[in-house]
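Just below is one structure, and these are the notes that go with it.
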Amino acid sequence: MTDCTAAPPINCDIPAERTTSLPAAAGPLEVPPAFSNRLLTYELGGKVHEVLSLRAHTRAVADYNTVLRLHEEIISIWHGIHPALQPNNPDTSWDARYPLVEKQREYAKIHANSTLLTLHREHACVHEFSRKAAIKAAHGSLAAQDKLFHMLPPNQHRIYGLSRHSIDAATFVAYNFLGSLRAGPVELTQFDETIMAVQKSIDRLNRMQGCSQMAFRGASMLWRPPP
């Protein structure tokens, strides 16, 4: 497991009758198994392992085409999951009967977008493709975090990822915006989108800081009151 070489299990729930039923992967017309996001995280973890091994997340990468290849492979993994968890035009027919599905969908968005942000962050100031991909991933991650946060009961707000991914994506969005301001005037829509995304992140972190020391530190880092 430490080097992501273990074969993942079949994408299905444990059969109710384990002595008479064979496990089989859920089809596109079946409810997504409870383990779907764990398998997605495992597959993305394998890509992160490759990103780190090839130093593709740094400007020291031997060939930028490696970054482009990994980008397409991450997108392929994300778009290859159950139709109910797809990022674009998902099958929402399961949402009313299985509330967990909608949460799984946002969870998938957070982890896939965070993986893309990790890949492109250091290339954003050099390559236009990475800049756009990183900005899109950061905003996508923050939007999914905000939606998931409001779906969860307060006792689940201490989940590590809600703090960590918020700080990571909001910091990138803020610094990228400051860089754009130094380069010249920015579009009003970009200004509004950035301010809204960062403010929502700060609000979430403030609400979580009572149960998460990381959230407390993150809120302090993203916003300091005027003297």
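The values are calculated or read from the model by the stated rules, or taken from the named source; none is laboratory data. If you're wondering where the values come from, they're calculated on a predicted model, not measured in any experiment. So basically every Cβ, Gly included, is an ideal-geometry build from the backbone, and we count neighbours across all protein chains shown.
Within the range 170-204, being of a type in the set (Gly, Ala, Ser) and at pLDDT below 85 holds for GLY179, SER180, ALA183, GLY184. Listed conditions (1) part of a helix (DSSP H, G or I); (2) in contact (Cβ under 8 Å) with a residue 24 or more places away in the chain are all met by CYS211, apart from (1). Being farther than 24 Å from SER220 by Cβ, part of a helix (DSSP H, G or I), among the β-branched types (Val, Ile, Thr) and without any contact (Cβ under 8 Å) to a residue 60 or more places away in the chain: is that true of ILE167 here? Answer is no for this residue. Does any residue of the range 116-129 turn out to be surrounded by 19 or more Cβ atoms within 10 Å (Cβ to Cβ) and either under 25 Å from ASN206 (Cα atoms) or aromatic (Phe, Trp, Tyr) (or both)? Taking every residue of the range 116-129 in turn, at least one turns out to be surrounded by 19 or more Cβ atoms within 10 Å (Cβ to Cβ) and either under 25 Å from ASN206 (Cα atoms) or aromatic (Phe, Trp, Tyr) (or both). Residues in the range 1-30 that are outside the structural domain of ASN89 (by TED's automatic domain parsing) and buried (at least 17 other Cβ atoms within 10 Å of the Cβ): ALA26 only.
Here the range 87-99 is the region considered, the condition is being in contact (Cβ under 8 Å) with a residue 12 or more places away in the chain and under 18 Å from the mean Cα position of the chain (by Cα), and the residue that is farthest from GLY161 (Cα to Cα) is PRO90.
Any idea which of GLU106, GLU72, GLU102 is among the acidic types (Asp, Glu) and within 13 Å of the chain's Cα centre (by Cα)?
Details: GLU72 fails: within 13 Å of the chain's Cα centre (by Cα); GLU102 fails: within 13 Å of the chain's Cα centre (by Cα).
Sole residue among the options that is among the acidic types (Asp, Glu) and within 13 Å of the chain's Cα centre (by Cα): GLU106.
Going by the structure shown, is ASN65 surrounded by fewer than 16 Cβ atoms within 10 Å (Cβ to Cβ) and within 19 Å of LEU148 (Cα to Cα)?
Details: surrounded by fewer than 16 Cβ atoms within 10 Å (Cβ to Cβ): yes; within 19 Å of LEU148 (Cα to Cα): no.
Spelling it out, it is not the case that ASN65 is surrounded by fewer than 16 Cβ atoms within 10 Å (Cβ to Cβ) and within 19 Å of LEU148 (Cα to Cα).
Checking each residue in the range 43-102 for being out of contact with any Pro (no Cβ under 9 Å at 6 or more places or on another chain), assigned to a loop (DSSP other than H, G, I, E, B) and charged (D, E, K, R) picks out ARG55, ARG59, ASP63, ASP95, ARG97.
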